[in-house]
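Peer 1: Okay, here's the structure, questions in a sec.
The values are calculated or read from the model by the stated rules, or taken from the named source; none is laboratory data. Source: prediction; values computed, not measured. Note that we place each Cβ from the backbone using ideal geometry, even for glycine, and neighbour counts take in every protein chain shown.
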Amino acid sequence: MDSRSDPGATLLLVVSLLAVALVYGVLVPGDVLGDGSRTVLYVVVGWVPFTLVFYALGRGFSSPDALPSMRSADAGLALVLVSLLVSLGLETLGLSPEQLPEAYVLQAIGIFVGLALFGWGIGRRSRAIGQRPDP
């Protein structure tokens, strides 16, 4: 394996980018303009390839010297969970996304930044584990 990039990670990156483009470029806008019944489902399903994009970037294009800590992945997961809880709290208070979409913008940004941090942290860690010499 080359020390610069991982061919498997590059393939995963390309496939994940295509999946993200399909979900957020075709499925979500098409459903929003249609009846909008499956928009939330498409957005949530799109979280997986979005996270895999950053996993592939961390796995294929990072160069950790030692075994990196999991702080970025932990912070990303915490940010996702806090953003989801805040969104649920707003929904409980009666502020639905249909009534006040501006109130959900920060939570949406938090979810995507958290997923990116999570994917990057796991990717860097798996890259470092893959580069460790066998005992």
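Peer 1: Any idea which residue in the range 103-135 is nearest to F50 (Cα to Cα), counting only those that are modelled with pLDDT under 90 and of a type in the set (D, E, K, R)?
Peer 2: Ranking the candidates gives R127 first.
Peer 1: Same structure, new question: Being surrounded by 12 or more Cβ atoms within 10 Å (Cβ to Cβ), under 30 Å from R59 (Cα atoms) and not β-branched (V, I, T) is the filter here; which residues of the range 77-89 pass it? Don't jump to the end; show me each part of the working.
Peer 2: As a first pass, look at the range 77-89 and keep what is surrounded by 12 or more Cβ atoms within 10 Å (Cβ to Cβ): 77-84, 86-87.
Okay, now just the ones that are also under 30 Å from R59 (Cα atoms), so 77-84.
Of everything in the range 77-89, those that are surrounded by 12 or more Cβ atoms within 10 Å (Cβ to Cβ), under 30 Å from R59 (Cα atoms) and not β-branched (V, I, T) turn out to be L77, A78, L79, L81, S83, L84.
Peer 1: What pairs come up if the first residue lies in the range 95-123 and is farther than 20 Å from L57 by Cα, the second is of a type in the set (F, W, Y) and surrounded by fewer than 21 Cβ atoms within 10 Å (Cβ to Cβ), and their beta carbons are under 8 Å apart, counting only those six or more places apart or on different chains?
Peer 2: P97/Y104
Peer 1: Next question. Give me the residue from the range 55-70 that is among the aliphatic types (A, V, I, L, M) and within 19 Å of the chain's Cα centre (by Cα) and, out of that set, surrounded by the fewest Cβ atoms within 10 Å (Cβ to Cβ).
Peer 2: In this case the residue turns out to be M70.
Peer 1: Same structure again: Of T39, T92, T51, which residue is without any contact (Cβ under 8 Å) to a residue 12 or more places away in the chain, β-branched (V, I, T) and crowded, with 16+ Cβ neighbours inside 10 Å?
Peer 2: So the residue among T39, T92, T51 that is without any contact (Cβ under 8 Å) to a residue 12 or more places away in the chain, β-branched (V, I, T) and crowded, with 16+ Cβ neighbours inside 10 Å is T39.
Peer 1: Which of the residues that make up the range 92-109 are part of a helix (DSSP H, G or I) and either hydroxyl-bearing (S, T, Y) or out of contact with any helix residue (DSSP H, G or I) (no Cβ under 9 Å at 6 or more places or on another chain) (or both)?
Peer 2: Residues of the range 92-109 that are part of a helix (DSSP H, G or I), as a first pass: 92, 101-109.
T92, P101, E102, Y104, V105 - these are the residues of the range 92-109 that are part of a helix (DSSP H, G or I) and either hydroxyl-bearing (S, T, Y) or out of contact with any helix residue (DSSP H, G or I) (no Cβ under 9 Å at 6 or more places or on another chain) (or both).
Peer 1: Are any of the residues in the range 55-77 among the acidic types (D, E), farther than 20 Å from V14 by Cα and at pLDDT 90 or above? Break it down stepwise before answering.
Peer 2: Step one: of the range 55-77, the residues among the acidic types (D, E) are 65, 74.
If we keep only those that are farther than 20 Å from V14 by Cα as well, we get 65, 74.
Keeping just the survivors that are at pLDDT 90 or above gives 74.
Yes, the range 55-77 contains at least one residue that is among the acidic types (D, E), farther than 20 Å from V14 by Cα and at pLDDT 90 or above.
Peer 1: Of all residues in the range 110-127, which are among the β-branched types (V, I, T) and over 15 Å from L88 (Cα atoms)? Steps first, please.
Peer 2: Restricting attention to the range 110-127, the residues satisfying the condition of being among the β-branched types (V, I, T) are 111, 113, 122.
V113, I122, listed by residue number.
Peer 1: Right, next: Can you tell me which residue in the range 34-54 is modelled with the lowest pLDDT, limited to those that are part of a loop (DSSP other than H, G, I, E, B) and out of contact with any Leu (no Cβ under 9 Å at 6 or more places or on another chain)? Walk me through it before giving the result.
Peer 2: Of the range 34-54, the ones part of a loop (DSSP other than H, G, I, E, B) are 34-38.
Now drop any that are not out of contact with any Leu (no Cβ under 9 Å at 6 or more places or on another chain), which leaves 34-37.
Values: G34: 83, D35: 84, G36: 78, S37: 82.
If we take residues in the range 34-54 being part of a loop (DSSP other than H, G, I, E, B) and out of contact with any Leu (no Cβ under 9 Å at 6 or more places or on another chain), then G36 is modelled with the lowest pLDDT.
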